[in-house]
Amino acid sequence: MSAVGAKPGGSAGIDPVASVVAIVLMIVMLAIMYMIGTPMAFMALIGIVIGGVLIGFGVMFVPVGGAPAAMGQAPGIATGVAMLAAGAGLAGLFGGAWAAQTTSNLLVIVITGAVGGGLMMAITCLFVNFIYVYGMGIPAASGKVKKDPITGDTQTEYKSQGTEGHGLPFVSYVGGVIGGLFGGAGGTLIYIMLLDVYEESLPAMMQAQSGQLLPIPAAQIMPIAVTLAGMFAIGLFLVNAVLAAYNITGTIEGPHDPKFKRWPRAVIASATASALVGLVAIMIVAL
Amino acid sequence: MTVKVEVIEGGIPHNKIMAAGLIISLVCIYLTWLNVLTGTPWFAFFGGLGAVAAIAWGSHTIKTLCSYGIGTGVPSAGMIALGSGVVAMLLATRYGVATPIVAVVVAAIIGAILGYLSNNVLAMHIPVMIKSLTELAIVGALTLLGFTAMMTGNFTFSALATGQVMFLGFALPSYVSSYLGGALIATVFMLAAIAIQHPFNACLGPNWKQDRMLMLSYEVGFLSMLAAAIMSLALISIGAALLSIIVALIGWWYTYNQYLVLSKRDAAAWLDAKPFPEEAEGP
């Protein structure tokens, strides 16, 4: 009945049968896209899958503390995976969308998005630590490792008894920024791929739907294309972020956490989910 | 329009709530099609009622899912519901009058595959995972579709993408000032996502009561409907928008008071504090 007393599920191993089924599903979706869509739409779907994998992999780096972190009983940022991933990804998306207006160089756009996401996470981590240290009066200490893998600082002396560590150790901060970079890049890649497809195919499709004889100017279609691409990028981002959250089940400290070893599952699930949702998103104009 | 909520031993079974939510939501969304048949905008508010029914169903689905302890917080369920639902809903708007049915089918497919991924690939091993994520995707699609139908009076793609601007007394078609072009869908997305996850998030715990949570879900549903109805002033005739606002206000006021009654019933004790304390009398 109660959600409070229940134990989180999830184990560390990979289910080989389910993983193979998922990969086959992804290939089937790519094949469907290859058959019904234009070559450009097919390439866009591959870009979306790569973007989804970047998001799913990047979320594993982010130090998620959840409610225990808010009480100073676990390290990490004191909120859930979905919120953190959405924050970093949407900040990256804004950066990438801004860059897309000024340049058509895909690499520049994606890197701008990554910087946006990384910046968002860096600021979040900084102020989280500020509040932990000066507001709650707790030092940063990891509970999962004896020494910080980057700085080599010992952790156990600073860890309070009965907690799993607290605050935001340096390695978690770095993990958060890396996660933000991956998430922002992935979200932006999805947005750009969808925007390209919509800019190409939407005018013809709207023409057919509206039943007007006069041609609709492409510039007027732009807001629709931007909204559609943005909404689908947000939808894909949230789906991938929540799947990553289900993979983590609860809290994670960053790349040094034993739970980080679960990343292959996150990559498989994100790739399949992105192929599925991306296929549906492109089908709006491809069918 | 609402499912009758009564205290039953163990509460209403989930399948009953699911069936009621699906049918009421679909019927209400289809009632907005009367706009097209009669050529008036007055039936738009039914879309909001359909969304409220879907939100109540969704909050109960989240309850059945999250009582297994998914370990990631309740809000993530609302996010994945709308994240998968928005894709299905936007694809479905291409199919004219069949839109709600197509939205349900596409959302069910997406939700089932996402459920398989989280249950087997990500090794959650929760018995209701696949069923719940399927339901949540349908709830997300229907909620968005309901609010969309209320705000635009229609649910076809060309209606969502085309708005009107008045220029020298003539109504000219405009794509910028439309539901999609103005990105109003992004606001509705968040309104619906928060409304779906909030009721269980607020009511969970040992003192969880089904009727109280469902009443809260109607309350947040009508509150979201109110916000969506105010936004619909930009898209639909003022009379139809005012009708939606009035329906939402009445629904919200009733369900809010009912929720207060239920909360007081379940509380151990309460202090009836007033928002503005009366001035102390005497010297």
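Quick rundown of the values:
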| quantity | calculated |
| --- | --- |
| Relative contact order of chain B, pairs being alpha-carbon contacts under 8 Å that are 6 or more residues apart, as % | 22 percent |
| Segment A:8-137, relative contact order [Cα under 8 Å, separation at least 6], % | 14 percent |
| Dimensionless Rg/Rh of the protein assembly as shown - Kirkwood Rh, Rg from C-alpha atoms | 0.99 |
| From phi via Karplus (6.51, -1.76, 1.60), per-residue ³J(HN,Hα) for segment B:178-186 in Hz, x at Gly/Pro | 10, 4, 7, x, x, 6, 5, 4, 5 |
| Under 9 Å, Cβ to Cβ, from A:Pro169 - net charge with Lys/Arg +1 and Asp/Glu -1 | -3 |
| Partner chain coverage, peptide A:268-277 - average Cβ within 10 angstrom | 4 |
| Segment B:176-273: chymotrypsin sites (Phe, Trp or Tyr not before Pro) in DSSP loop, at most 14 other beta carbons within 10 Å | B:Trp270 |
| Trypsin sites (Lys or Arg not before Pro) within segment A:43-147, DSSP loop, no more than 13 other Cβ atoms inside 10 Å | A:Lys146 |
| Rg [Å, one decimal], Dmax [Å, integer] - chain A, C-alpha atoms | 20.9, 76 |
| Averaged over B:107-115, number of beta-carbon atoms from partner chains that fall within 10 Å | 3 |
| Built amide H within the under 5 Å cut-off of A:Gly165, gap 5+ | A:Ser160 |
| Per-pair calculated FRET efficiency, R0 = 60 Å: A:Val133 and A:Thr38 via Cβ, rounded to 0.05 | 0.65 |
| Cα-based Rg of segment B:129-283 normalised by 2.2 N^0.38 Å, two decimals | 1.35 |
| Quarter of Cα convex hull surface for segment A:1-160, i.e. mean projection, nm² | 14.3 nm² |
| Phi to ³J(HN,Hα) by Karplus 6.51 cos²θ - 1.76 cosθ + 1.60 over segment A:246-254, Hz, x for Gly, Pro | 5, 5, 6, 6, x, 10, 8, 8, x |
| Mean separation of Cα contacts under 8 Å (6+ apart) over length of chain A, as relative contact order % | 33 percent |
| Most positive-pole-ward Cα, B:Val104, A:Leu106, B:Ser232, against dipole of the protein assembly as shown from beta carbon charges | B:Val104 |
| Distance (nanometres) between label positions extended 7 Å along Cα→Cβ at A:Ile123 and A:Ala208 | 4.3 nm |
| Shielding of B:180-193 by partner chains, average beta-carbon count, 10 Å | 3 |
| Most positive-pole-ward Cα, A:Ala244, A:Met193, A:Phe260, against dipole of chain A from beta carbon charges | A:Phe260 |
| Förster-model FRET efficiency, 35 Å R0, B:Thr38 and A:Thr103, C-beta, rounded to 0.05 | 0.10 |
| Kirkwood-based shape ratio for chain B, expressed as Rg/Rh from alpha carbons | 1.03 |
| Per-pair calculated FRET efficiency, R0 = 35 Å: B:Val105 and A:Ala219 via Cβ, rounded to 0.05 | 0.50 |
| When each of B:Lys16/B:Lys131; A:Lys159/A:Lys259; A:Lys159/A:Lys261; A:Lys146/A:Lys259; A:Lys144/B:Lys63; B:Lys131/B:Lys209 is checked by Cα-Cα distance, pairs over 26 Å | A:Lys144/B:Lys63 |
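Values quoted throughout were computed directly from the atomic coordinates according to the rules given, and no laboratory measurement underlies them. Fair warning: this is a prediction, and the values are worked out from it, not measured in the lab. Heads up, the Cβs are rebuilt from the backbone with ideal geometry, glycines too, and the neighbour counts pull from every protein chain shown.
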